[in-house]
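Throughout, read-outs are computed from the coordinates displayed, never taken from laboratory work. Values in this document were obtained by computation on a predicted structure and should not be read as measured data. No Cβ is skipped: glycine too gets one built from the backbone with ideal geometry, and neighbour counts run over all protein chains shown.
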Amino acid sequence: MAEIEVPVLIVGGSLVGMSTALLLGRHGIRPLVVEHHRGTAIHPRAAMITQRTMEIFRTVGVEQIVMEKSDEQFVQDGAIMAVETLAGKELAWFIANLNEGVRDVSPSLRLFITQSLLEPVLKERAEELGAELRFATEMISFAEYADGIAAQIRHRDTGKTDTVRAKYMVAADGAHSRIRERLGIRMLGHGVFSKSITIYFRGDVGPLLRGRNLSVMYVVNSTLSGFFRIEKPFTSGFLAVHWLGDPKNPVTDVSAGLTNERALELLYAGLGTREVPVTIENVMHWDAMADSAERFRQGRVFLAGDAAHVMPPSGGFGGNTGVQDAHNLAWKLAMVLKGEAGPELLSTYEHERQPASSFTVEQAYSRYVTRSAPYLKSDKMQAIQNDLNIELGYCYHSSAVIPDKDERGLPHDHPRETKARPGTRAPHLELERNGRKLSTLDLFRENFVLLAAPQGEAWCDAARAAAKRLKLDIDVHQIGAAGLIDPSGSFSEAYGITPKGAVLVRPDGFVAWRAKDAAGASAKTLVSVMSSILTPTRAESSLRAEKSRA
Ligand SMILES: Cc1cc2nc3c(=O)[nH]c(=O)nc-3n(C[C@H](O)[C@H](O)[C@H](O)COP(=O)(O)OP(=O)(O)OC[C@H]3O[C@@H](n4cnc5c(N)ncnc54)[C@H](O)[C@@H]3O)c2cc1C
C-alpha cells in the first residue's frame, strides 16, 4: 500500500471532476482525480454547452477545439422545439436558433457537444496542466483530520489499495454521491418526479428532420413525453422518456420492467413511423429530480456538480452548473493552498454557489413542468426567467464581494443590465490590441485584475502599489490606454463607472468591487479591499487594532 500526498483529491472524473482538475491545474495546483470508470464517457449524455461554460473553456485554451469537435457532431445554431412525433406535427418552437440574440453578450457561443467527445479534450488539457487522473479507481473510504483528508483508493482490476493524503477533497461523484451520503448532507427540493430512461439508438432518421436544423426536439403525444437529440450524420441519437400515457394520469415510472422490445415500441412512438429501421444500442435509467444539497461543504470536503444539485435536463443546465461550481471553487482552493488567502475564503464557495445553483434547479424544474409535465404545475413553481439570466446573470453575495452602497441584492439579472455590479460576471466588451480583437474576458486569467477606465491611471498606480504591499500579483489594465483600444468607447458605460473609475475583477471573472470615480484612489484602499476579500478575519482584527490605536 502506497501513501500519496496531493493538495486536492477529486473523487469522480466525469464532466465536473475533470473540469475541476483542469481549472485547478490552470492555477498551478496539481490534483489527483480518481474515477470508477475505465475511461472517459462512452455515452453522449450532456451536450448543450452554455456561453458561460464556453467562456470558462476559453480561459483554459480549449474553446477552439471544443468548437471543432462540436462541428463534427452537430449542425450549429439548431432550434429547440416540441413535436407530437419526429415525423409528425410541430407543437411549439422554444428557441428558433440557439445563438440568436445572444452573440453580443459574450465572445463565446452556445453549442452542443456530447460528453463522449468533450471529456477526452478536457482530460488531455487537465493532464497538460499537471493533473493526475486514475481511471478504474474508486475512493472507498475517507476520514477528515485537523490538517487534511486521508482517503483509501482501490484499483478495480488489481485490487491494490493506496492511501491518499490531501488538504482538501472535491466530491464530484454524481447524483448518488456516496460522499454526500456519508457526510449526512440531505438533498432538498422536489425529490424524484420520474424514473426516466434514455434510449440510445441507431437508424437513418435524417429524412424525418425534413431539412429543419433541430438541436433538441421535445416529444409529447398520447404514448409518451420526452425529448430527442440527434447527431450528425443523423443516423444516431437518443430519446429520453419521462412519463407514459395520459397526462391527467401519467405513469412516471418508465424504468420498471422495461424490456428491449418495449423500448423499441417507445422509440417508434416518438419517431411517429415504423418505416425507419432502428436498433437500440443501450438504455440508461435515471431519476428526474430537482434538488439541491442543504450544504455544499463540510469541513475540508466540497460538493460539486450533480453531487451538489440535480435537475431535470430541460434547459441543458445540469452539467454547465457543475462547471460553474468548479470555476468558483478552483481559484479559492488555489489561493488558500498557496497561502495567498485565509481559509475563510473557502466558505464563500457555498455562500455563492448554493443560491446560484438552487435558482438554476428551480428554473430547470419550471421548464420541465412547462415543456414536458404540465400535470406538475403549481403556484409554488418559479416563473420562467430569461435563459441568459441563468447562464450568465447569476449574482454572488458573499464576503468575497464588496457591494456597491446601493446594492439591491438581486439573485440574478440580465447580463445586459448587470453593468459590472460587484457580484456579477464582468461584462464582455470587444477591445483591440496590436490590431487583434479580444474580449475584456480575455484579460481575466489566474490573478485578480484591475480594469481602469480611460482616465483611471490613479487606480492603476494604486493597484500596482497595493500588489507590492500584499506581495500578490494583480494584473492592471487601463482600457483605452497603453495599446488597449476600446473601439466603441463604451467601457465606462458598460462597467457602470465614470472615466476615472476602476473595477476589481476576481480570477473567476466576477466583479469583486468597483470605484465609480477617482475618489479614494490609493494603495491603502485596495489593500483594504483585497484583505477583506482574501483574509477577512485578519482584515477585521487589523481594523479593530487600527481603531483602538486611534
Ligand atoms: C438525458 C440527459 C441529458 C442531459 N443533457 C444535458 C445537457 O445538454 N447539458 C447539461 O449541462 N447537462 C445535461 N444533463 C445533466 C448532466 O448530464 C449532468 O449534470 C452531468 O453529467 C453531471 O456531471 P458530474 O460530473 O457532476 O456527475 P457524473 O457525470 O454523474 O459523474 C460522477 C462520476 O463520479 C464517479 N464516481 C462516483 N463515485 C466514485 C468513487 N467513490 N470513486 C471514484 N469515482 C466515483 C462516477 O463513476 C462518475 O463518472 C443531462 C442529463 C441527462 C440525464
Two-site label geometry, His414 and Lys89: point separation in nm, points 7 Å out along Cα→Cβ: 3.4
Of the DSSP H helices in the chain, those whose Cα atoms cover at least 27 Å axially and whose Kyte score averages -0.5 or more: 318-337
Packing-based order for 214-221, 17-24, using average beta carbon neighbours within 10 Å, highest first: 17-24, 214-221
Sequence ranges 61-72, 329-340, ranked by mean other-Cβ count within 10 angstrom, highest first: 329-340, 61-72
Cβ-placed point charges (K, R +1; D, E -1), dipole of segment 5-110 about Cα centre in debye, nearest 20: 320
Cα gyration tensor of the chain - equivalent ellipsoid semi-axes, whole Å, descending: 41, 28, 21
Helix-only CD estimate at 222 nm, as mean residue ellipticity for the chain, using -39500 (n - 2.57) per DSSP H run (n ≥ 4): -9000 deg cm²/dmol
Cα→Cβ-extended label distance, 7 Å offset, between Arg156 and Ala383, nm: 4.7
Förster radius 35 Å - calculated FRET efficiency between Arg433 and Glu128 (Cβ-Cβ, nearest 0.05): 0.85
Cα-based Rg of segment 394-458 normalised by 2.2 N^0.38 Å, two decimals: 1.27
Contour excess over end-to-end distance, with Cα ends at His285 and Asn260 and 0.36 nm allotted per residue: 7.7 nm
